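**Q** Quick one: structure below, then a few questions.
The values are calculated or read from the model by the stated rules, or taken from the named source; none is laboratory data. Values in this document were obtained by computation on a predicted structure and should not be read as measured data. Cβ sites come from the backbone with ideal geometry, for glycine too, and all protein chains shown count toward neighbours.
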Amino acid sequence: MEDKDRRIEYLENELLRLGKNEMRMNSISKELKIQYDGLEKVSYANSIESNFNDRLDTIPTLLVKWKPEVSTNIRRENERKIRDLMRVRMELDTLRVIPFAY
């Protein structure tokens, strides 16, 4: 019974955490859209990477899609600014910002 209660508590906490992340991402995406007019879409996830040597890393990753008319130089500069801003807003030590690749 005690194990069941612990599992229920864990799952409740996970639901709360996921709900907070969704609300935070909603707010962040609105802020980014206001600040970067050429931004078309954003996506956020924790990316799990393997170096094929039994080491896994979880890296917070923000994908960005720019409108076609935004130059490569402006994209790169804005991605750097977005990374710095989102690291502060999301209280992260590491955040990778990469363009959508399709």
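**Q** If W66 meets every condition in (1) in contact with a strand residue (DSSP E or B) (Cβ under 7 Å, 6 or more places away or on another chain); (2) modelled with pLDDT under 90; (3) among the aromatic types (F, W, Y) apart from one, which number is that one?
**A** Looking at each condition in turn, W66 falls short on (2).
**Q** Which of the residues that make up region 53-85 are aliphatic (A, V, I, L, M) and part of a loop (DSSP other than H, G, I, E, B)?
**A** So the first thing to find is which residues in region 53-85 are aliphatic (A, V, I, L, M), and the list is 56, 59, 62-64, 70, 74, 82, 85.
Result: V70, single match.
**Q** Does region 29-43 contain any residue that is modelled with pLDDT of 90 or more and polar (S, T, N, Q)?
**A** Going residue by residue through region 29-43, those that are modelled with pLDDT of 90 or more are 32-42.
Cutting the leftovers down to polar (S, T, N, Q) gives us 35.
The answer is yes, given that some residue of region 29-43 is modelled with pLDDT of 90 or more and polar (S, T, N, Q).
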